[in-house]
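All of the numbers you see were taken from the coordinates with simple rules; none came from a lab. Predicted, not measured: the structure shown is a model, and the values here were computed from it. A quick note on method: Cβ atoms are made from the backbone with ideal geometry, for glycine too, and the neighbour counts reach across all protein chains shown.
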Amino acid sequence: MQELSGGCMCGAVRYKVVGAPVVSRICWCRTCQKISGNGTANALFPTASITISGTLSSFTSPADSGNEISRYFCPTCGCHILGGSAANPHFRVLRIGTLDDPSAIQPQVNIWASSAPNWACLDPALKLEAKQPSPPQAPSNG
Ligand SMILES: [Zn+2]
Ligand SMILES: [Zn+2]
């Protein structure tokens with residue numbers, strides 16, 4: 001089974017993730033633009049498949065979808081590693097750019113395209129969602 005690793009800028013937080021993502025997406029919601037200056041590239045994994053070493057801080061706020069979303073980041077360097085919804089604890093999104101090999105996961109869809117700035121380069125080869133697609137079902141073993 002595929003195992004990927006990654007971490008924050010300063011090295012205080014490292015992680016491993018096993019298996020393939022459920023879906024991988026570039027999110028253009030306004031919150032993602034504020035944390036990254038751009039869209040964020042995210043891979044959705046079952047929470048149980050991610051192992052973190054080090055300590056993450058978090059900040060919880062309502063997302064454009066209306067869900068309360070927590071974002072987890074290194075308290076030392078501020079690098080965002082994970083996001084997740086309290087309503088859907090079985091899944092976490094991993095920020096693809098924090099992987100040691102960020103080419104290991106290819107984004108499949110742009111979401112919240114309706115919030116993207118007019119200079120955003122949206123790959124026409126990817127699927128496009130104006131807003132938030134339906135959440136995935138919780139894994140049956142979870
Ligand atoms: Zn760090
Ligand atoms: Zn977003």
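Key figures for this structure:
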quantity	calculated
Length released on extending from Ser36 to Ser134, taking residue separation times 0.36 nm less the Cα-Cα span	32.9 nm
Signed unit charges on C-beta, dipole axis of the chain, positive-most listed residue Leu128, Val17, Ser85	Ser85
P(r) weight above 18 Å for region 1-65, C-alpha pairs, percent	51
Helical contribution to [θ] at 222 nm, DSSP H n ≥ 4, -39,500 (n - 2.57), averaged over the chain, rounded to 500	-1000 deg cm²/dmol
Size of region 3-128 as Cα extents on the principal axes (Å, biggest first)	38, 29, 27
Residues of region 20-40 with amide N under 20 Å of the 7 Å Cα→Cβ point at Ala86	31-32
Extended-chain gain in nm, criterion 0.36 nm per residue less alpha-carbon gap, Asn118 and Ser103	2.8 nm
